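The values are calculated or read from the model by the stated rules, or taken from the named source; none is laboratory data. This one's a predicted model, so the numbers in the text were calculated from it and none came from an experiment. Neighbour counts are summed over all protein chains in view; Cβ atoms, including those assigned to glycine, are modelled from backbone coordinates with ideal geometry. Side chains included, ligands, DNA and RNA excluded: accessible areas come from the protein's heavy atoms. Shrake-Rupley method; radii C 1.70, N 1.55, O 1.52, S 1.80 Å.
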Amino acid sequence: MFYREAGDFKTSYVDDSQTFPIKFDRYRYYVVLAVAFGIIPFIINDYWANALLLPFLIYAIAAIGLNILVGYCGQVSLGTGGFMAVGAYACYKLMTAFPDVSMFIHVILAGGITAIVGVLFGLPSLRIKGFYLAVATLAAQFFLVWLFNRVPWFYNYSASGQINAPERDVFGIIITGPNAPAWATYMFCLIFLTFCAVVARNLTRGTTGRKWMAIRDMDIAAEIIGVNPLKAKLTAFAVSSFFVGVSGALFFAVYLGAVEVGEAFGIQKSFLVLFMVIIGGLGSIFGSFAGAAFLVLLPVVLKVVGVDVLGWPTDIVAHLQLVIVGGLIILFLILEPHGLAQLWRVAKEKLRLWPFPH
Amino acid sequence: MPEQLVFAMEVILNGLMAGVLYALVALGFVLIYKASGIFNYAQGVMALFAAMTLVGIMNGQVPFAHLINAIFGTHVHYFGWNIPALAAIILTMGVMVLLAWAVQRFVMRHLVGQEPIILFMATIGLAYFLEGVADLMWGSEIKTLDVGLPQGINLWIDETTFNIFDYGFFIDNLDIVATIIAALLVAALVAFSQYTKQGRAMRAVADDHQAALSVGISLNFIWIMVWSVAGFVALVAGIMWGTKSGVQFSLSLIALKALPVLMLGGFTSIPGAIVGGLIIGVGEKLFEFAIGPLVGGATENWFAYVLALIFLVFRPQGLFGEKIIERV
């Protein structure tokens, strides 16, 4: 009835190649943007920002980044935590070295530095494939965490070995540190997420994305039809690491404020982001959002239900959470290997034909 | 003999012992990978689960005590009996077989024919699930495991080496026992897969599922058996590591340590797992001894991975792995 291509005539090439060709999709997208930018900042409070919205926004960026590498280019990486740490530490070094520069520039530069590191660790992907590559990226994970733990220059020789985000602002509005207002941190992350999502969406439906997908589907065949695997794989590593680095920088500077590298960016983080990508759906930008939202919401919901409603001890709820996450991942892989995004796609197909499915 | 060299020898010896333990975990991986093409990330958590179950059974803990208490408001914790180590090990083995059956019945059976990477992710999910179940069943506090294995410095080696080098080597009795047990286990596994009917069937399945089916081998049975054997290997590894450093979460991380071992040795080779384990064990101890102090120590965390990474760039299939042939 309302979800139709029929009657929606395209009169120019620009119209024809837009991101959301169906009117309903397009309006939905505008509404989501309007709510996210126009309404939430005015009603947000500290609890909502810290418990749900900030982690969701930041993990969504990381998930988009990993999805580009795993879902679009088919290079499985278990080093996400390590790359997030690179972003965080790069951001920290920049913040302390150039206190007057805007945070926007710091975060983007931190992403750029992570991209360089990502390309470096992506180089072996030209020789190593599949599982072997997945395990090889563990080298990045453990080496980077060790590096930030052991080399005092990275944490400015602080006694605790932690890094603490100093107070920095954007156009006079405090973004980092304990005095930052909730709406400002929210907006800051939201702008980056919007930017990343738009870039990722457009990259993946253009030449670059097609090359990545060709490599994913079969790299030898892709090479024969003229895709340069060196370029395709390394650009995937670079773009993915850039996003992951940005999310790491935001995670440290805006969300946590103080970070101990082994705790915040350990191997568990790599798996968490990977799960978001799997549950959300490999090779889908929407899936990254859905997966991040799901895995950020799940512990909060479980805690509310288990601890506050049923009155169980927190450790039991924490263990139950492991069981549920593990069980869900297996269930998803069995029932719907393409994740939440596939459910959404199926729903859209149904909606298109509704109410006359034949 | 110069002092440094003697120290290095001690380090190498200790590295060899550690390497045997890595090889033990890696073996569990190789077994499942060869028979079903599944890269079982949950192997480390299986070791943790086995060790926790063993401790729980020995101490007569009530399974899921915390959960039961939280739901029904009761206060049960212990049955009030202790079970001797050997009986407990046999009971734990029973639990691992049950686990193997459940994994096969509820997870792997539904994923037959999926891509390897999907199967790998499923085992990561399984690892989380098992870890949560283990904590719920037996509680997450650190436990000590004592099944009567000898521990402490081996005085004979200490004395002998002192007489030769004027410096006594510190070698733990437990490491020696572990090495012997691991060697026996490897020999037993090789004999099992080479000379028994089930072992042959297992290799046949590994070679070609469909051909194995067509000569009347039950895939279900073989897979349950393979997961049980992997569970047994996990139990042995769990006992060794649990006795050494207590039964706790970090035990499941030895699985991650076994990964570079596998990459070095090749995923499909039992001797590869052993040689890879020894190389990694010696390599990381020597590196920590020689280079560690210069760069701030704790290089053991990453050395194995970086070594494997560099090695793979030159030989992508590992030392003894089957050559990777790619065709369009």
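So A:LYS211 ticks every box in (1) basic (Lys, Arg); (2) closer than 30 Å to B:GLN317 by Cβ; (3) within 14 Å of chain B (Cβ to nearest Cβ) but one. Which box is left unticked?
(3)
Would you pick out the residues in the stretch A:14-34 that are open to solvent by 60 Å² or more (accessible area, probe 1.4 Å) and under 17 Å from A:ALA290 (Cβ atoms)?
Hits for the stretch A:14-34 are A:ARG28, A:TYR29, A:VAL32.
Can you tell me how many residues within the stretch A:179-203 are within 24 Å of the chain's Cα centre (by Cα) and more than 17 Å from A:ILE40 (Cα to Cα)?
The qualifying residues number 9.
Conditions (1) touching a Pro at 6+ places or on another chain (Cβ under 9 Å); (2) more than 20 Å from A:VAL296 (Cα to Cα); (3) without any contact (Cβ under 8 Å) to a residue 24 or more places away in the chain, marked per residue:
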| position | (1), (2), (3) |
| --- | --- |
| A:GLY38 | no, yes, yes |
| A:LEU52 | no, no, no |
| A:ILE68 | no, yes, no |
| A:GLY74 | no, yes, no |
| A:THR80 | no, no, no |
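Across the stretch B:60-72, which residue is surrounded by the most Cβ atoms within 10 Å (Cβ to Cβ) among those that are in a loop (DSSP other than H, G, I, E, B) and within 14 Å of another protein chain (Cβ to nearest Cβ)?
At the first step, the residues of the stretch B:60-72 found to be in a loop (DSSP other than H, G, I, E, B) are B:60, B:62-64.
Now narrow it down to the ones that are within 14 Å of another protein chain (Cβ to nearest Cβ): B:63-64.
Working: B:PRO63: 14, B:PHE64: 17.
So, considering only residues that are in a loop (DSSP other than H, G, I, E, B) and within 14 Å of another protein chain (Cβ to nearest Cβ), the one surrounded by the most Cβ atoms within 10 Å (Cβ to Cβ) is B:PHE64.
Is at least one residue of the stretch B:283-291 facing chain A (nearest Cβ under 9 Å) and at negative phi?
For the stretch B:283-291, residues facing chain A (nearest Cβ under 9 Å) and at negative phi: absent.
Hey, can you tell me all the residues within the stretch A:310-344 that are assigned to a helix (DSSP H, G or I), in contact (Cβ under 8 Å) with a residue 40 or more places away in the chain and not β-branched (Val, Ile, Thr)? Write out each step before concluding.
Initially, the stretch A:310-344 is screened for residues assigned to a helix (DSSP H, G or I), giving A:314-335, A:339-344.
Now narrow it down to the ones that are in contact (Cβ under 8 Å) with a residue 40 or more places away in the chain: A:325, A:328-329, A:332-333, A:339-342, A:344.
Of everything in the stretch A:310-344, those that are assigned to a helix (DSSP H, G or I), in contact (Cβ under 8 Å) with a residue 40 or more places away in the chain and not β-branched (Val, Ile, Thr) turn out to be A:LEU328, A:PHE332, A:LEU333, A:GLY339, A:LEU340, A:ALA341, A:GLN342, A:TRP344.
Go through the stretch B:76-120 and count every residue that is among the β-branched types (Val, Ile, Thr), open to solvent by 70 Å² or more (accessible area, probe 1.4 Å) and more than 14 Å from chain A (Cβ to nearest Cβ). Spell out the reasoning first.
From the stretch B:76-120, those among the β-branched types (Val, Ile, Thr) are B:76, B:83, B:89-90, B:92, B:95, B:97, B:103, B:107, B:112, B:117-118; that's our starting set.
Now restrict to residues that are open to solvent by 70 Å² or more (accessible area, probe 1.4 Å): B:90, B:112.
Okay, now just the ones that are also more than 14 Å from chain A (Cβ to nearest Cβ), so B:90.
Total meeting the criteria: 1.
Residues that are in contact (Cβ under 8 Å) with a residue 60 or more places away in the chain and closer than 29 Å to A:VAL32 by Cα: which helices (runs of 4 or more DSSP H) entirely in the stretch A:114-230 hold 1 or more of them?
Hits in the stretch A:114-230: A:182-204, A:207-217.
Which one of A:THR207, A:THR194, A:THR176 is open to solvent by 70 Å² or more (accessible area, probe 1.4 Å) and β-branched (Val, Ile, Thr)?
Matching residue, one of A:THR207, A:THR194, A:THR176: A:THR207.
Results for (1) open to solvent by less than 30 Å² (accessible area, probe 1.4 Å); (2) farther than 24 Å from B:GLU131 by Cβ; (3) out of contact with any strand residue (DSSP E or B) (no Cβ under 7 Å at 6 or more places or on another chain), shown as yes or no for each residue.
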site	(1), (2), (3)
B:ILE12	no, yes, yes
B:ALA23	yes, no, yes
B:LEU27	yes, no, yes
B:ILE32	yes, no, yes
B:ALA51	yes, no, no
B:VAL55	yes, no, no
B:THR74	no, yes, yes
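Only helices (runs of 4 or more DSSP H) wholly contained in the stretch B:122-230 count here; list those with 3 or more residues that are within 14 Å of chain A (Cβ to nearest Cβ).
none
Answer yes if at least one residue in the stretch A:286-306 is within 14 Å of chain B (Cβ to nearest Cβ) and charged (D, E, K, R), and no otherwise.
Among the residues of the stretch A:286-306, not one is within 14 Å of chain B (Cβ to nearest Cβ) and charged (D, E, K, R), which makes the answer no.
What pairs come out if I take residues in the stretch B:78-97 that are farther than 14 Å from B:SER228 by Cβ and pair them with residues that are in a helix (DSSP H, G or I) whose C-beta lies under 6 Å away, six or more apart or interchain?
If the second residue must be in a helix (DSSP H, G or I), the pairs left are B:ILE83/B:ILE57; B:ILE83/B:MET58; B:ALA88/B:LEU54; B:ALA88/B:ILE57; B:ALA88/B:MET58; B:LEU91/B:ILE57.
Looking at (1) among the small types (Gly, Ala, Ser); (2) out of contact with any Asp or Glu (no Cβ under 7 Å at 6 or more places or on another chain); (3) in contact (Cβ under 8 Å) with a residue 12 or more places away in the chain, which is the one condition that is false for B:SER218?
Unmet for B:SER218, out of (1) among the small types (Gly, Ala, Ser); (2) out of contact with any Asp or Glu (no Cβ under 7 Å at 6 or more places or on another chain); (3) in contact (Cβ under 8 Å) with a residue 12 or more places away in the chain: (3).
Okay, residues lined up against (1) farther than 16 Å from A:THR137 by Cα; (2) at pLDDT 75 or above; (3) open to solvent by less than 10 Å² (accessible area, probe 1.4 Å); (4) β-branched (Val, Ile, Thr):
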{"residue": "B:GLY266", "(1), (2), (3), (4)": "yes, yes, yes, no"}
{"residue": "B:GLY276", "(1), (2), (3), (4)": "yes, yes, yes, no"}
{"residue": "B:VAL282", "(1), (2), (3), (4)": "yes, yes, no, yes"}
{"residue": "B:LYS285", "(1), (2), (3), (4)": "yes, yes, no, no"}
{"residue": "B:PHE311", "(1), (2), (3), (4)": "no, yes, no, no"}
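Quick one: how many residues across the stretch B:313-328 are modelled with pLDDT of 75 or more and among the β-branched types (Val, Ile, Thr)?
1
Give me the residue from the stretch A:138-155 that is surrounded by 18 or more Cβ atoms within 10 Å (Cβ to Cβ) and more than 9 Å from every other protein chain (Cβ to nearest Cβ) and, out of that set, farthest from A:LYS231 (Cα to Cα).
Here the answer is A:TYR155.
What number of residues within the stretch A:325-358 are open to solvent by less than 60 Å² (accessible area, probe 1.4 Å), hydrophobic (A, V, I, L, M, F, W, C) and within 14 Å of chain B (Cβ to nearest Cβ)?
So the answer is 7.
Among (1) in a helix (DSSP H, G or I); (2) open to solvent by 10 Å² or more (accessible area, probe 1.4 Å); (3) within 14 Å of chain B (Cβ to nearest Cβ), where does A:VAL254 come up short?
If we test A:VAL254 against (1) in a helix (DSSP H, G or I); (2) open to solvent by 10 Å² or more (accessible area, probe 1.4 Å); (3) within 14 Å of chain B (Cβ to nearest Cβ), just (3) comes out false.
Quick check on the stretch A:93-113: of everything there that is of a type outside the set (A, V, I, L, M, F, W, C) and in contact (Cβ under 8 Å) with a residue 24 or more places away in the chain, which residue is most open to solvent (accessible area, probe 1.4 Å)?
Filtering first and then ranking leaves A:PRO99.
Inspect the stretch A:25-44 for any residue being modelled with pLDDT of 85 or more, touching a strand residue (DSSP E or B) at 6+ places or on another chain (Cβ under 7 Å) and more than 25 Å from A:ARG205 (Cβ to Cβ) and give the result as yes or no.
no
Being farther than 19 Å from A:PHE56 by Cβ, in contact with a His (Cβ under 8 Å, 6 or more places away or on another chain), facing chain B (nearest Cβ under 9 Å) and open to solvent by 30 Å² or more (accessible area, probe 1.4 Å), is that true of even one residue in the stretch A:308-319?
Yes, that holds for at least one residue.
Filter the stretch B:134-156 down to the residues that are modelled with pLDDT of 75 or more and polar (S, T, N, Q), then identify the one that is least open to solvent (accessible area, probe 1.4 Å).
Only one residue fits best here, namely B:SER140.
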